[in-house]
Amino acid sequence: MEEMYGIKYSKPEVVLMQDTGIGVAEAAARTCYDSFENSENEAIRSMEHAMPHSDTCEQINTIEESNLLNDLAWTHFHHSILEHANLSFLIRGTSRGVLQEHARHRIQAISVRSTRYTMSSVINAFVASQTTEDREFFVKKVLGFDMLVTCDEMYNRIEIGAMYDKLQFQAQMVEDFNEIAVAKSSLGFLEEFKGNPEALFDTLESGKKKRNVGDAFKHIISDNVKVDMVVTFNLRSLKNYFTLRNSGAAYFQIRWLAQEMMRKTPSKYLDLIIKG
């Protein structure tokens with residue numbers, strides 16, 4: 001947890017799920033210069049006279065150092081060969097604001113927790129609160145979801161209260177609000193548990209989820225909502241990402257994320273993209 005501009009924030013968690021190694025990047029560079037015999041790595045040297053077999057490819061993928069890659073990265077700035085190395089990170093607990101910043105990095109594969117499919121608990125809490133018009137029930141329930149990167153309860157109550165107000169406005173404007181909020185098979189429970197928001201919430205949670213419920217309710221959430229994602233960068237793009245996002249000029253939340261990703265990136269990659 002860290003405080004910025006008077007507000008406390010949680011920091012994201014990162015796991016490196018997959019990395020392809022630097023061996024293929026050296027093989028690519030050696031292909032450019034037809035210099036396999038000069039490699040300090042035996043598996044690369046063997047490619048001079050024969051196509052690599054499966055055992056050789058496994059050895060290539062375990063290479064930890066390459067003099068040629070280091071020379072090309074830091075002396076000749078021939079970075080295209082770094083595109084043959086890829087790293088995949090699982091990121092949990094960053095914000096939708098960071099997601100917007102991430103989208104500006106064109107060369108990455110990114111898969112993000114979908115608000116279309118994962119907002120049902122919030123909507124169920126609101127529908128349940130309406131049986132007694134209990135705003136506090138909704139606020140307390142959503143506070144328990146730990147869905148915001150901000151950590152100050154007073155501030156989060158303001159955020160969640162705004163979500164309630166938006167949903168209430170929409171409910172007053174749309175005749176078939178309940179039909180778009182909960183699954184058809186659960187509509188009967190609204191009358192059955194009238195006056196008992198806790199029981200209604202539990203019943204809605206255990207019932208069938210409304211498909212694509214987020215389509216109608218994306219407007220209620222802010223940039224402080226947590227998102228999880230898996231991102232894959234090639235090493236050249238990761239170099240650009242770290243250069244820009246570890247800068248003091250970067251948005252502080254994405255800087256925190258970049259720093260955590262750097263901590264989880266093995267040194268054999270960092271040595272090629274981060275000076276010193």
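A few points about this structure:
- Test: Q18 is part of a helix (DSSP H, G or I), within 26 Å of the chain's Cα centre (by Cα) and surrounded by fewer than 16 Cβ atoms within 10 Å (Cβ to Cβ): no
- Single condition S247 does not satisfy, out of (1) under 26 Å from D152 (Cα atoms); (2) without any contact (Cβ under 8 Å) to a residue 12 or more places away in the chain; (3) of a type in the set (S, T, N, Q): (1)
- Check on T31, under 28 Å from S237 (Cβ atoms), in contact with a helix residue (DSSP H, G or I) (Cβ under 9 Å, 6 or more places away or on another chain), without any contact (Cβ under 8 Å) to a residue 24 or more places away in the chain and surrounded by fewer than 18 Cβ atoms within 10 Å (Cβ to Cβ): yes
- Helices (runs of 4 or more DSSP H) contained in the stretch 21-120 and holding at least 3 residues under 30 Å from M163 (Cβ atoms) and under 26 Å from the mean Cα position of the chain (by Cα): 96-102
- Considering the stretch 218-261, the residues that are polar (S, T, N, Q) and closer than 25 Å to F77 by Cβ include one that is modelled with the lowest pLDDT, namely S247.
One line per residue, one yes/no per condition, for (1) at pLDDT 90 or above; (2) at negative phi; (3) not basic (K, R):
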residue: K11; (1), (2), (3): yes, yes, no
residue: T56; (1), (2), (3): no, yes, yes
residue: L82; (1), (2), (3): yes, yes, yes
residue: R92; (1), (2), (3): yes, yes, no
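- Filter pass, D146 being under 32 Å from the mean Cα position of the chain (by Cα), outside any helix (DSSP H, G or I) and not assigned by TED's automatic domain parsing to the domain that holds T94: yes
The values are calculated or read from the model by the stated rules, or taken from the named source; none is laboratory data. Nothing here was measured: the structure is a model prediction, and the numbers come from that model. As a convention, Cβ positions derive from the backbone with ideal geometry for all residues, glycine included, and neighbour counts pool all protein chains shown.
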